[in-house]
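S.K.: Structure incoming, see below.
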Amino acid sequence: MIEATSLTKRYGKTLAVSNLSFTVESGQVTGFLGPNGAGKSTTMRMILGLDNPSSGRVTIGGKSYHELKDPLRTVGALLDAKWVHPNRSARAHLAWMARSNRLPSSRVDEVLETVGLTSVAGKRAGGFSLGMSQRLGIAAALLGDPEVLLFDEPVNGLDPEGILWIRKFMHRLADEGRTVFVSSHLLSEMALTASQLVVIGKGRLISQSSTKDFVARAAENTVKVRSPQLPQLRGALEQASARIAPGEDGSLIVSGMDSEKIGELAAGNGIVLHELAPQTGSLEQAFMQITGDSVEYHTGLEIEAEQVLETAVK
């Protein structure tokens, strides 16, 4: 079990994490989501004692990471797949980690076989592809047969077969009663992997709930609307306090108002509708809707698209 209480981290004047509290229970896969710059990596580093919080506390099984004896036996983590000396072989890299935590050398070959690297165990890790490096990082996380596992973007560089493998593997770890905490930007995969979610933005907690509840909450009263009179429709919806987001093909995604009320509103204002369709929620849609106000960085294309949309609906 991982428990963060009022966790705060400042880097000079920058507030990376602010009064963040959440719990990661054992026996399930918990996804850790947030836009770029949300503070996910900083939070994971604080869990592992790599960064000290400015205030607050985070514990693993009731203890801070620094209080753990032979920590690899309690916590396994993959934060950076390329964190390995490039001239060391995969086996040598795992062997020194095993010795540092008084683990039997036989465990090295066991985890290499688990992640499918036995045939390249003697090769230099610096020559590994990103996918192979990810597998080596997962092997290192498993080395101490820990009860708690943290993974940051574990499917980066994996092919579809590898992604399916890590998904099933995480489910198996959770079924064994372990605590599995995984951060990923691949939302479609998180929807299949995680049963629980911790969602943050700008260093603050946005939501902690089951994946099902998170999607349902965001998808409630979400309707796709298309009309040749889009500016008039948008104005009427805004007057009625509906929340509006741009959709595909010049449509609007309306939340806070069901399809019946939207239809009545359009009819009352003489507005023609070409489509009025309640939406089935997805994790990606829910994430975009709920974290929209917490996105810190926008690409030039996103800004341009927003400007084009604003011009089109005026």
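S.K.: Checking the conditions here, which among PHE151, PHE128 is crowded, with 20+ Cβ neighbours inside 10 Å, among the aromatic types (Phe, Trp, Tyr) and either over 28 Å from VAL24 (Cα atoms) or not assigned by TED's automatic domain parsing to the domain that holds ARG88 (or both)?
M.R.: PHE128
S.K.: Oh, and also: Here's a check for you: in the stretch 193-220, which residue that is closer than 30 Å to THR14 by Cα and of a type in the set (Lys, Arg) is surrounded by the fewest Cβ atoms within 10 Å (Cβ to Cβ)?
M.R.: Out of the qualifying residues, it is ARG204.
S.K.: Follow-up question, since we're still on this one. If the requirement is being closer than 19 Å to GLY157 by Cα, surrounded by 21 or more Cβ atoms within 10 Å (Cβ to Cβ) and touching an Asp or Glu at 6+ places or on another chain (Cβ under 9 Å), which of these qualifies: GLY144, GLY137?
M.R.: Criteria check complete, one pass: GLY137.
S.K.: GLY235 - would you say it is in the same structural domain as THR291 (by TED's automatic domain parsing), in contact (Cβ under 8 Å) with a residue 12 or more places away in the chain and out of contact with any helix residue (DSSP H, G or I) (no Cβ under 8 Å at 6 or more places or on another chain)?
M.R.: Taking the combined requirement at face value, the residue does not satisfy it.
S.K.: Do you know which residues across the stretch 238-284 are under 30 Å from LEU192 (Cβ atoms), assigned to a helix (DSSP H, G or I) and in contact with a strand residue (DSSP E or B) (Cβ under 8 Å, 6 or more places away or on another chain)?
M.R.: Scanning the stretch 238-284 gives ASP249, SER259.
S.K.: Now for a separate question. Would you check which residues across the stretch 56-86 are modelled with pLDDT of 95 or more and loosely packed, with under 12 Cβ neighbours inside 10 Å and list them?
M.R.: none
S.K.: Tell me which strands (runs of 3 or more DSSP E) are completely within the stretch 1-62 and hold 3 or more residues being touching a residue at least 40 places away in the same chain (Cβ under 8 Å) and touching a Lys or Arg at 6+ places or on another chain (Cβ under 8 Å), or say none if there are none.
M.R.: Here the list reads 2-11, 14-24.
S.K.: On to the next question. Could you grab me the full set of residues in the stretch 170-192 that are part of a helix (DSSP H, G or I), more than 11 Å from the chain's Cα centre (by Cα) and surrounded by 18 or more Cβ atoms within 10 Å (Cβ to Cβ)?
M.R.: Answer for the stretch 170-192, where residues must be part of a helix (DSSP H, G or I), more than 11 Å from the chain's Cα centre (by Cα) and surrounded by 18 or more Cβ atoms within 10 Å (Cβ to Cβ): MET170, LEU173, ALA174.
S.K.: Could we say that LEU158 is crowded, with 17+ Cβ neighbours inside 10 Å, over 30 Å from ARG10 (Cα atoms) and touching a helix residue (DSSP H, G or I) at 6+ places or on another chain (Cβ under 9 Å) here?
M.R.: Yes; evaluated as a whole, the condition is true for this residue.
The values are calculated or read from the model by the stated rules, or taken from the named source; none is laboratory data. Predicted, not measured: the structure shown is a model, and the values here were computed from it. Virtual Cβ from ideal backbone geometry, glycine too; neighbours counted across all protein chains shown.
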